[in-house]
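Everything below concerns the one structure shown next.
The values are calculated or read from the model by the stated rules, or taken from the named source; none is laboratory data. The structure presented is a predicted model; accordingly, all values stated were derived computationally and were not measured. All Cβ positions, glycine included, derive from the backbone under ideal geometry; neighbour counts span all protein chains shown. Heads up: the accessible areas ignore ligands, DNA and RNA and are worked out on the full protein's heavy atoms, side chains in. Shrake-Rupley method; radii C 1.70, N 1.55, O 1.52, S 1.80 Å.
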Amino acid sequence: MRHCAALCAITALVAAPVWADEACRKEVATAFNKQRASRVFTMDTELKTPSGPVHIKVEYQPPDRMRQTIMAPNQPPLETVLYGQRAYSRQGGKWEELMPAVAQTIIAQVREAAIDPPKEVGNFDCLGPTTLDGKEYLAYRSVEKQADAGAPTGAPLLHRTIYVDPKQGLPVLNIVAGEQPGAEVVFKASYAYPEKLDIEDHPDAPLVKMR
């Protein structure tokens, strides 16, 4: 579904986890649980696709407000808003209200991404204090096993690295890349925690027509 995008888990980018340091796994889980307790937070995502880079920004205002903007090559931005029990969308035109069944799907995705505790955060090793782009973080690297990844023999093994603000205890970066130094980044999410968000309702938007 086109409105899913960053709301859907992107666990397929990383191979299946194996046993690692339980204390490190708990620290990652604690950071994301603290994120879910935030009044508002945003996620900016960069994805590599066959047609070019895709940028997705999602703004969360739990428990029931969300705004998502998808910017893809050669397309007008696709915007989606959840406001309570109603959802709206537009792509280079006027806002339209999405069908109730679609709205319920988006509500479930927002709950999974921003409210409910994660069912599984995977296994991580602690990398300890790490400097990236001149900033200090606590870093955690996922632990994978090639045999469990379902990838062709010789395919590069991907790792997820979580960077946590050591003072706030909140995740700041979520990067998926190959294990070799300088490997291409295939997924990057940046998290921010603004003081407030203004997510507007669109009560006068017409119900989307069946296509």
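Here are the numbers for the structure shown:
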{"read-out": "Extension gain from R36 to D204, taking 0.36 nm per residue of separation minus the Cα-Cα distance", "value": "57.4 nm"}
{"read-out": "Members of K57/K196; K34/K94; K26/K196; K167/K188; K135/K188; K94/K188 lying beyond 27 Å, as alpha-carbon distances in this model show", "value": "K34/K94; K26/K196; K94/K188"}
{"read-out": "With every protein chain in place, segment 57-211: carbon and sulfur % of accessible area (1.4 Å)", "value": "52 percent"}
{"read-out": "Cβ-derived FRET efficiency at R0 35 Å, Q75 paired with Q180, nearest 0.05", "value": "0.60"}
{"read-out": "FRET E, pair T49, A23, Förster distance 45 Å, beta-carbon r, rounded to 0.05", "value": "0.80"}
